[in-house]
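Written below as structure tokens is the structure these notes are about.
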Amino acid sequence: MSSAGTGSETGALITRIAAGDRDAFSRFYDLLAPTAFGLIRRVLRDPEAAAEVLQEVFWQVWREARQYDPERGSPEAWLVMRAKTRAIDRLRSVRRRDRTFVAPVDESVATRDDGPVENPAVVAEDRQLVQTALAQLPEPQRRVIEMAFFEGLTQSEIAIRLREPLGTVKTRARLGLERLRSTLRGERMSAT
Amino acid sequence: MNREEIGDLAAAYALGGLDGADRARFEALLRTGDAEALAALRDFEGTLTDLAAVTPEAPPPAVKAALMERIVAAPPAARAGARPRARRGRAIWPAVLSGAMAAGIAAIVVGWSVSSTYEKRLDALANDAEQLKAELRSQQTVIAILRDPATQVVALAGQASAPTARARMMWHEKAGGVFVATGLPATPAGKAYQLWAIAGSNAPVSAGVFNVDASGVGSLSVRPLPGVSTVNAFAVTLEPAGGLPAPSGEMYLLGKS
């Protein structure tokens with residue numbers, strides 16, 4: 001998890017990658033590819049497209065490691081946001097081409113039960129914390145977050161689907177994320 | 001922009017669901033180095049990163065293999081020299097870049113305002129393209145049938161009930177056929193014309209039903225008929241709408257190949 005343990009290691013790895021260190025890249029990939037791939041797969045479903053996007057994302061990491069700015073966030077966040085953006089771009093271009101929407105995600109993150117693949121970057125307890133925090137969100141807030149983050153819908157699209165005013169959708173997204181964030185912070189503090 | 005609004009924008013931006021104009025607005029704010037916007041975005045992105053980490057999945061090994069091969073061939077961008085440039089070094093680039101960025105932002109703002117229009121047009125064009133493709137495919141089938149030397153062309157002549165009717169059948173045993181008739185009486189209610197293929201001494205096989213328009217023209221696209229190769233004759237009878245397994249009504253057209 002970004003804030004638990006691997007933060008300093010990945011930061012050092014990025015610096016080495018920027019200097020062209022292939023071993024550092026290999027290690028960085030091993031640490032974070034499962035998280036990125038899990039996210040891309042949730043967005044895209046199609047395993048082949050997901051593998052292509054994953055390769056592009058890490059290719060960008062190699063090419064653009066110098067642009068990483070620690071003041072903007074953790075290396076994990078830098079990578080995950082790239083993975084998300086790429087996956088959503090791909091999803092939207094597929095939608096435009098096919099004019100068919102993928103089946104909406106009906107299962108929630110909290111109840112997903114494809115056996116999780118062990119990721120060395122994520123401590124199991126942390127994962128539990130996130131799942132719990134997500135499960136504690138009010139359903140409408142969780143739904144908006146999932147529709148945007150995993151289904152790649154814009155806020156206007158979400159508003160239309162849910163038949164809610166755009167302003168409501170905006171507020172829900174913010175409140176949901178704020179609540180998720182503070183729950184995670186609080187639980188981490190009480191856990192230590 | 002007040003704090004809440006910045007929060008709304010940052011949340012949507014981190015989630016990837018920020019629409020055109022709002023997105024340009026927020027990105028412009030980020031570029032000014034707005035501390036509140038940067039902090040909000042950083043927080044939300046961190047939270048979403050934690051959320052993404054809940055469902056890791058092992059990627060196919062081929063991805064890493066391909067990447068390791070690729071990176072051997074190409075060093076990280078803009079790294080001609082081995083010595084890393086000091087991160088905060090004051091170079092001419094920031095000045096050049098900020099000029100380019102200002103131009104870029106202007107382009108983005110204009111770009112977003114027209115992009116939704118184009119998005120819609122793209123959708124409409126994609127639709128049109130699909131229709132044209134379908135039309136093209138059916139035309140190509142017809143042309144392929146006409147060009148193939150193995151295609152039989154059978155002229156059908158009107159029978160007693162419609163002496164002036166005529167028809168033509170272009171038939172290819174593997175590709176199917178195209179049938180066009182003229183001069184037939186308008187189809188009576190509850191009835192339909194049915195085309196039959198007759199091969200040797202076998203019983204006639206239905207090749208489909210069709211109606212004629214007010215000018216007496218009817219046409220039918222025929223799929224290849226299972227078990228029917230060389231056809232000796234085609235005939236048209238008038239049958240109950242929907243057709244029958246074997247001819248029962250009066251014959252209107254007949255042609256032998």
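Readers should treat all values here as calculations from the given coordinates under stated rules, not as data from a laboratory. Just so we're clear, the structure is a prediction, and the values are computed from it rather than from any experiment. Cβ placement follows ideal geometry from the backbone for every residue including glycine, while neighbour counts extend to all protein chains displayed.
Structure above, values below:
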read-out: Contact order normalised by residue count of region B:197-257, Cα under 8 Å, 6+ apart, percent; value: 36 percent
read-out: Which of A:Gln141, A:Pro165, A:Leu184, positive extreme of dipole for region A:123-192 (C-beta unit charges); value: A:Pro165
read-out: Residue-averaged 222 nm ellipticity for chain B, from DSSP H runs of 4+ at -39500 (n - 2.57), nearest 500; value: -15000 deg cm²/dmol
read-out: Over chain B, equivalent-ellipsoid semi-axes from the Cα gyration tensor in Å; value: 72, 25, 19
read-out: Residue-count net charge about B:Glu36 - beta-carbon cut-off 13 Å; Lys, Arg +1, Asp, Glu -1; value: -3
read-out: Flagged links, alpha-carbon separation over 24 Å, of B:Lys133/B:Lys174; A:Lys84/B:Lys133; B:Lys174/B:Lys256; value: A:Lys84/B:Lys133
read-out: Hits among aspartates and glutamates - C-alpha to C-alpha of B:Lys191 under 16 Å, sequence gap 8 or more where chains match; value: B:Asp213, B:Glu239, B:Glu250
read-out: Karplus (6.51, -1.76, 1.60) ³J(HN,Hα), θ = phi - 60°, over region B:5-17, in Hz, Gly and Pro reported as x; value: 5, 4, x, 4, 5, 5, 4, 5, 5, 5, 6, x, x
read-out: Within chain B, longest stretch free of exposed trypsin sites (Lys or Arg not before Pro) [DSSP loop, at most 15 other beta carbons within 10 Å]; value: B:1-84
read-out: Residue of B:Ala241, B:Ala52, B:Ala207 that the Gaussian network model of chain B assigns the largest fluctuation, springs spanning Cα pairs under 10 Å; value: B:Ala52
read-out: Positive minus negative residues near B:Pro247 (Lys, Arg vs Asp, Glu; Cβ under 14 Å); value: -1
